[in-house]
Each structure stands twice: as structure tokens, then as C-alpha cells.
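This report concerns only the one structure given below.
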Amino acid sequence: QVPLKPGRSLMDWIRLTKSGKDLTGLKGRLSEVTEDELAKHNKKEDCWICIRGFVYNVTPYMEYHPGGEDELMKAAGTDGTDLFDQVHRWVNYESMLKECLVGRMAVKPIAAPKGESFKNKMISIMLYFKSIVILVVFSKLLPLNLSLKYYDWFQTDSLITIVIYTKQKDMNAELVIVDCEDKRLRAEIIVDDYSYLVEVGGYCNFACETFSLLVSIAEKVRKVEIILKKKDKIHWKTLGQPLESHNTFIKRMDRGLFYRKCKLVSKKEVTHDTKLFCLMLPKSTHLRVPTGQHVYLKQIIAGTEVVKPYTPVLPFLPLDFKEPSCPDDAHMYLMIKIYSCGLFTQALDHLQIGDDISVSSPEGNLKKSQIQTSEELFLLAAGTGFTPMVKLLNFTLTEVSCLRTVKLIFFNKTEDDILWRNQLEQLALKDERFEVQFILSQPTKDWMGKQGKISSSLLSEFVKRSRRDSKVLICICGPTPFTEQGVQ
């Protein structure tokens, strides 16, 4: 993110979109845009961008974009869908940019092929190999007969059991997300970068409040069992009406985010400007956020849908890492800094106990195998960039026996900003593998520790191999300038 000029906040942008001002420059007319026409609008003072087939005039949005004008200009005059998905596909651009809509992209005519050219042959070969790759990924989840469905269901007088056959090694409850609400059952199974979905609706006789889920593994075929209690003891003829995405196996990036409403049950102060929010998941939801992954919170603010990512934490930092802690499937904890001028965090802070907030399914790229093969782990965190490190610490000190050293280098402005300082210091005394180093950029005269901002010279003091050939993993999280500087 970049600093924005005064009067260029998200709330200011929402006000501008509702002012009635013509933001497209087309006086309300929608038009069909060709590639040639789109390419002409590639300057800061005249910038159009295409996202998923729709063209937007983002010129008036330039000064309001949290990532800065240069980031928007990377897609100026072109199709920016891929770039958008890489950076923040979770943002509801349709809501944010609806007053900037120019129109649709024109569909390019496809010329009929005259004979099979060398180019066509090459395309056929590429598609053939691509189909093999897809089939290999499919085989982790499905039988080779792709015409079959990959789940089944059974019933007794009181229960419905849905079985999904995965063929996935190391199947665990973190890879299963189930929501049973509004007469709809949605069960998603994560397989690497793909997801398989069972989604049916139209039923009205599940007793969702007594819903339970069990992940079990048969001798040869790994499977997920979802057990639901019937409301009435009647025989079901069908599981339900298949919905649009039912029985599909696609990339997670293409699946889109799914939200469920959670209730705020408590808010506790962590520091002068940071609070620990406890959300209760619906009783009919099974969701565990894997280590290193995040969720998105969604709120409607002044009629505009606003979405922000947050990493769930534990309610406290365990000091005894002999046994893996039992997951709390009912609650989700989020450590959130409340910014005085932050539109989203101020809205969060004003939520009352019992209020609803929409929470997405988890996302993230960190693989536990990256940690399990490391001997030394360095965690570089700035401010609330500490939040992903909480579950990482819990996982590594509990379950990764090959790790000799786990070191947290924690950057903050002042002593008052340090999150869970006492817990971290107690953990360092309790577990000899763990070490924490606090570094302040704006310390008082009484501060006896290290000071400064992230730099090569400062990091070289702390990020060192204990052995020449040891396998090291470095994880970093914080504001974008901090992360970029750290990676550099």
C-alpha cells in the first residue's frame, strides 16, 4: 500500500461514486469496446482497464487506489484480469467501480480454419498434453472413469451419510469445508490447488443444528464422511436439487469465495489500538483455517461491499508444546489493529456483541511440508504481520521435531505496540528452541533493546545459520514496504 493524499480515503471514494458525477466520461452511455479502442486509453489521465470482460474507466480512481497509481497503470489499456486475480481477487471491483463502467468487451470473430495448418497441429498437441496434466491432478481425487459422480449417500431412519471419495494422501479435517444452511448443503474438498464441490439445495428436513462431520480413511480408498441428522424420520428419494457448481472439480482460484455469517461473541484489548475479536461459526459449519492461511471479512459500508483479509490466531500463545492443542471448531479469533482513519476497522470496532459478520473460506499458499523439512525457522514480522506467526509457532514447536531453532524478529514502532510481549517472553524462557528479538523504530530513551527499521545490516545480526549446511526457511509478513524490503 502507498500513502494516499488527504481526501482520498475509501470513504471519500464511496462519497464520490454516490455524488452523481459522470465518472466514465460517457454521460451514462454503455458501449461495446474493441481491443483497439481499449488500447488507446493507456495513460494516467485517460486509463481504461478490462476485468472479466467488462471495461472500466479507472482514471478518477487513480488517486484513491490503495496500491498506488503505478499498480493500476500495469493494466492500462489491456485486460487486467490475471493481474487483478494475482493481487486481490477478493475485492468486489463490481461494487467499487460500478459508476466507472464503460461497457463490455467486443467479442472477436473467429475465422474458420482452412485445412489443418502446422499451428493447428501444435495447438492440438499442446491441448493433448494439457489434458494429461489435468487427468493426473484429477486422479488424486477421482476414479479414472470421469463420467461418474465421486460421492454417494446413504440413509437410516435418523441419519444421512454423504461419502466423498478423495484418493488424497494425508486427508485431514482442514481440507474439508462444509456449510449447511438456507436449505443448501455445500461440501468442498481441497486437493492441492484444486477443489471438489458437492452442492445441493431444495431440502428442508435436515436438522442442521445437530450436524456433525467425520473424516475417515478406509483401507485403500480415502474418503470423507459427512453425517447429518434428519429432522423427521422419513425416507428420502434424493439428496437434493443439484446446484450450478455441484459435482465440479476446478482450480481453487476459479472457484470464487464463499461466505458464511458468523456472530461476534467477544472483543478484548490486546494493546492500545489492537483488539482480539472472537467470532462464533454457525453450528452447521465445519471450517478449520490451516496454518499460514487467511480468511476475508466482508461488510456493507455506505451501500458498498468492502472486503479485507485477516489471519486467524489462537486465543492465547500456549507455553507447553508437548501435545498438539485440540482445535476449537466453534470459534475463530482475529487480532485486528483499529486505525483511527480506517473505514473498515472502525466499522468492525463499532460492531456490538451478537452482530453478524461475513467470513470467507480460507485461502493461502503456505505448505506445512515447507516447515517440516526445515531445521531453522526465522519469522520476520512487523505490527499485525505477527498474526500468521501465532499458528506457525504453535505448529512448529508442537509437531516439527527436526527444527533446532525458531527465531522471531518482531518490528514495531513503540513498546506499547508489541503484541503479546509477555507471552512471547515467557515462551522464550519455557522452550529453549525459541528466541524472540524486539526491534523498535520509534523507541523512548529508556528502551535498552535494538532499534531501527528492516535492513540488510540489521538482519545480518539475527538471521544466521547455526550450521553451514542447515536447511533454513524464512517467513515474512507486514506492510508491503516492509515485506518488499525484507525480501530484497
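The values are calculated or read from the model by the stated rules, or taken from the named source; none is laboratory data. Bear in mind the structure is a predicted one, so any value in this text is a computation, not a measurement. Heads up, the Cβs are rebuilt from the backbone with ideal geometry, glycines too, and the neighbour counts pull from every protein chain shown. Surface areas here come from the heavy atoms of the whole protein model, side chains and all, with no ligands, DNA or RNA. Shrake-Rupley method; radii C 1.70, N 1.55, O 1.52, S 1.80 Å.
Quick rundown of the values:
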| item | result |
| --- | --- |
| Proximal aspartates and glutamates to K268, defined as alpha-carbon separation beneath 12 angstrom and excluding residues fewer than eight positions away on the same chain | D349 |
| Alpha-carbon gyration tensor eigenvalues x 5, square-rooted, for the stretch 368-487, Å | 23, 16, 14 |
| Hydrodynamic radius by Kirkwood, which averages 1/r over all alpha carbon pairs of the stretch 259-363, in angstrom | 14.5 |
| Probe 1.4 Å - accessible area at L392, Å² to nearest ten | 10 |
| Nonlocal amide H pairs with L30, under 5 Å, H built at 1.01 Å | none |
| Shape call, the chain: gyration tensor on alpha carbons, a/c limit 1.5 | rounded |
| Net charge over other residues, Cβ less than 12 angstrom from the Cβ of S31 (K, R count +1; D, E count -1) | +1 |
| Surface share of carbon and sulfur [accessible, 1.4 angstrom probe, percent] for the stretch 266-424 | 50 |
| Under the span-like rule (Cα at least 18 Å along the axis, Kyte-Doolittle mean at least -1.0), DSSP H helices of the chain | 118-139, 387-399 |
| Local electrostatic count at F84 - Lys and Arg +1, Asp and Glu -1, tallied over other residues with Cβ under 12 Å | -2 |
| Under 17 Å from the Cα of K5 - lysines, other chains or at least 8 residues apart | K44 |
| Global form of the stretch 10-105, assessed from the alpha-carbon gyration tensor, a/c cut-off 1.5 | rounded |
| Solvent exposure, largest accessible area first (probe 1.4 Å, DNA, RNA and ligands not counted), of C100, C477 | C477, C100 |
| With DNA, RNA and ligands ignored, accessible area of F84 (1.4 Å probe; Å², nearest 10) | 20 |
| Accessible area in square angstrom per residue, the chain, 1.4 angstrom probe | 55 |
| Under Karplus coefficients 6.51, -1.76 and 1.60, residue-wise ³J(HN,Hα) of the stretch 253-259 in Hz, glycine/proline x | 4, 8, 6, x, 7, 10, 10 |
| Distance from the stretch 400-431 to the stretch 339-376 (C-alpha centre basis), Å | 20 |
| Charge sum, other residues only, whose C-beta stays under 13 Å from T384's C-beta, Lys/Arg counted +1 and Asp/Glu -1 | +2 |
| Share, in percent, of DSSP beta bridges within the chain that are antiparallel, nearest 5 | 75 |
| Above-threshold pairs, the threshold being 30 Å between Cα atoms, out of K169/K233; K18/K298; K445/K471 | K169/K233; K445/K471 |
